[in-house]
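*Asks:* This is the structure I have questions about; it appears just below.
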Amino acid sequence: MTKKLFYGEGIGRVIVINLSRGDRLLEGIRDRLKEEGIKNAVLFGAVGSMQKLVYHLPTSMGPTSEDKFLTIEGNGPIELGSLSGNVIDGDPHLHIVAQDKEGTYIGHLEAGTEILFLGEIILAEINNLNIHRVKNESGVVYLTEK
């Protein structure tokens, strides 16, 4: 596959999403993006705590990812250490680093993650970026122009 560059035309609106106890992290972000009509964005940062973390990580080196899905809850508060990623064509792709008293967790954020005390997420819209994600023959997702 040829490596490509894609160009937007600058940063548009910057939004701060404020989530509260019981709100779902990924679903809350998706809902706000849809409400605001934001298709493409970069995640600047996030802080918060969770009562439940759902994530996945790859477990193989083959042509297709074999993923392990994990749910962490019941060990007390889970601190959100880092959330990074982007939004392409309305679809957030986010990776998380979090920690509780039992350990540190790193992976791809999944639906079902629940906020404990608060979640503050800052996103910046990318103007006029005309790309989306598609799957290749092995089922691996990559970016391409629309």
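*Asks:* With respect to Phe6, determine if the residue is at negative phi, touching a residue at least 40 places away in the same chain (Cβ under 8 Å), hydrophobic (A, V, I, L, M, F, W, C) and part of a loop (DSSP other than H, G, I, E, B).
*Replies:* yes
*Asks:* Give the residue that is surrounded by the most Cβ atoms within 10 Å (Cβ to Cβ), with candidates limited to residues of segment 75-129 that are at negative phi and not in a strand (DSSP E or B).
*Replies:* Selected residue: Thr113.
*Asks:* Restricting the search to segment 30-62, which residues are modelled with pLDDT under 95, in a loop (DSSP other than H, G, I, E, B) and touching a strand residue (DSSP E or B) at 6+ places or on another chain (Cβ under 6 Å)?
*Replies:* Once the filter is applied, which keeps residues that are modelled with pLDDT under 95, in a loop (DSSP other than H, G, I, E, B) and touching a strand residue (DSSP E or B) at 6+ places or on another chain (Cβ under 6 Å), segment 30-62 yields only Thr59.
*Asks:* Quick check on this structure: which one of Glu110, Glu120 is under 20 Å from Glu27 (Cβ atoms), in contact with a helix residue (DSSP H, G or I) (Cβ under 9 Å, 6 or more places away or on another chain) and acidic (Asp, Glu)?
*Replies:* Working: Glu120 fails: in contact with a helix residue (DSSP H, G or I) (Cβ under 9 Å, 6 or more places away or on another chain).
The conditions single out Glu110.
*Asks:* Same structure, new question: Identify, from the list Phe69, Phe44, the residue that is closer than 30 Å to Ile11 by Cα, open to solvent by 60 Å² or more (accessible area, probe 1.4 Å) and hydrophobic (A, V, I, L, M, F, W, C). So that I can check it myself, show each step before the final result.
*Replies:* Details: Phe69 fails: closer than 30 Å to Ile11 by Cα.
Selected residue: Phe44, the only one of Phe69, Phe44 that is closer than 30 Å to Ile11 by Cα, open to solvent by 60 Å² or more (accessible area, probe 1.4 Å) and hydrophobic (A, V, I, L, M, F, W, C).
*Asks:* Do you know which of the residues in segment 3-38 that are open to solvent by 90 Å² or more (accessible area, probe 1.4 Å) and more than 18 Å from the chain's Cα centre (by Cα) is farthest from Arg133 (Cα to Cα)?
*Replies:* Only one residue fits best here, namely Arg21.
The values are calculated or read from the model by the stated rules, or taken from the named source; none is laboratory data. Bear in mind that the values here come from a model prediction, so they are computed numbers and not experimental data. So basically every Cβ, Gly included, is an ideal-geometry build from the backbone, and we count neighbours across all protein chains shown. Heads up: the accessible areas ignore ligands, DNA and RNA and are worked out on the full protein's heavy atoms, side chains in. Shrake-Rupley method; radii C 1.70, N 1.55, O 1.52, S 1.80 Å.
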